[in-house]
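Visitor: Have a look at this one.
A short reminder: the numbers here are calculations on the coordinates, not readings from a lab. Computed from a prediction, not measured in an experiment: that's the story for all the values here. Every residue, glycine among them, receives a Cβ derived from its backbone with ideal geometry; neighbour counts consider all protein chains shown.
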Amino acid sequence: MPKVGEKAPDFALLNQDGETIRLSDYRGKKVILFAYPAADTPGCTKQACGFRDAMPRLETTNAVVLGISPDELQAQLKWKKKQNLSYDLLSDTDHAVLEQWGAWGEKNTFGNKYMGVIRSHWVIDENGTVIEEKINIKPEESVASAIQMIGV
C-alpha cells in the first residue's frame, strides 16, 4: 500500500470505454484517485458527484480525477453517463489494484462480514509521489480533503 512520500505504483486498467489507462500517463499532473465500492449507489454517487462538481476548479491546478471500483465496464459507463461524470472510471474486477493500494479488505454491515472496497482516496503529485492517503473515509470528507490537498 503506497504511503505518503512514496512513489505511487503504476497500474493499467480499462476505463468505462474499454481503453487502457495507466497511472503513469498522468505524470506531470496532480491526480486524485478514489476507490469506491459500487457504481450508482448513494454514497458512491455523493463522492463521484462531489469530484465532478469540483472539476472546473481542479482543472485550473492541472489536476485530474480517476475513480476505481470492481464494477464491470458496462456499469461504469452507465453510471458515468447518468451522473454526467467528466473523468474516467476504472474497472478493477479482480480487485488486484485495489488490494495493492490497501482499499480492499474486510467489511462489516449489520453483523455480516465480507470482503469489499474500502472507500479511499489518494492524491498524487506531478512527480508520481503520494501526497495524501485516506483509507476508510466518508464520501463528503473524501472530496473535501482531496480538494484541499490540491489547493483549490
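Visitor: Could you pull out every one of the aspartates and glutamates with an alpha carbon less than 13 Å from that of Lys78, ignoring same-chain neighbours closer than 8 positions?
Guide: List returned: Asp17, Asp40, Asp88.
Visitor: State, to one decimal in nm, how far the label point of Lys7 lies from the label point of Ala38, with both points 7 Å from Cα in the Cβ direction.
Guide: 3.8
Visitor: Using helices alone, I'd like the mean residue ellipticity at 222 nm for the chain: each DSSP H run of four-plus residues gives -39500 (n - 2.57), total over residue count, nearest 500. Could the numbers behind the result be given before it?
Guide: Working: 4 runs with 46 residues, N = 152.
The helix-only estimate for the chain comes to -9500 deg cm²/dmol at 222 nm.
Visitor: Only counting other Cβ atoms within 10 Å, I'd like His121, His95 sorted with the fewest neighbours first.
Guide: Final ranking by Cβ density, sparse to dense: His95, His121.
Visitor: Label point 7 Å out from Asp94 along Cα-to-Cβ: which residues of the range 49-71 have amide N under 20 Å?
Guide: Output list for this probe position: 68-71.
Visitor: Rounded to the nearest 0.05, what FRET efficiency is calculated for Tyr114 and Lys29 with R0 set to 30 Å and r the Cβ-Cβ distance?
Guide: Using R0 = 30 Å, I get an efficiency of 0.30.
Visitor: Would you list which lysines come within 18 Å of Lys134, measuring only between C-alpha atoms, while excluding same-chain residues fewer than 8 positions from it?
Guide: Lys134 reaches Lys3, Lys7, Lys30, Lys46, Lys107.
Visitor: Return an integer: the convex hull volume of the alpha-carbon atoms of the chain, in Å³ per residue.
Guide: 98
Visitor: Once the piece of chain linking Met55 and Glu132 is laid out straight, how much longer is it, given 0.36 nm per residue of separation minus the C-alpha distance between them?
Guide: Fully extending the segment from Met55 to Glu132 adds 25.9 nm.
Visitor: A further question on this structure: How would you classify the range 106-152 from its alpha-carbon gyration tensor, with a ≥ b ≥ c the square roots of the eigenvalues: rounded for a/c under 1.5, else prolate if a/b is greater than b/c, otherwise oblate?
Guide: Oblate.
Visitor: Still on this structure, I have one more. For a quick check: sort Tyr114, Tyr36 by the number of other beta carbons within 10 angstrom, fewest at the front.
Guide: Placing the least packed residue first, the sequence is Tyr114, Tyr36.
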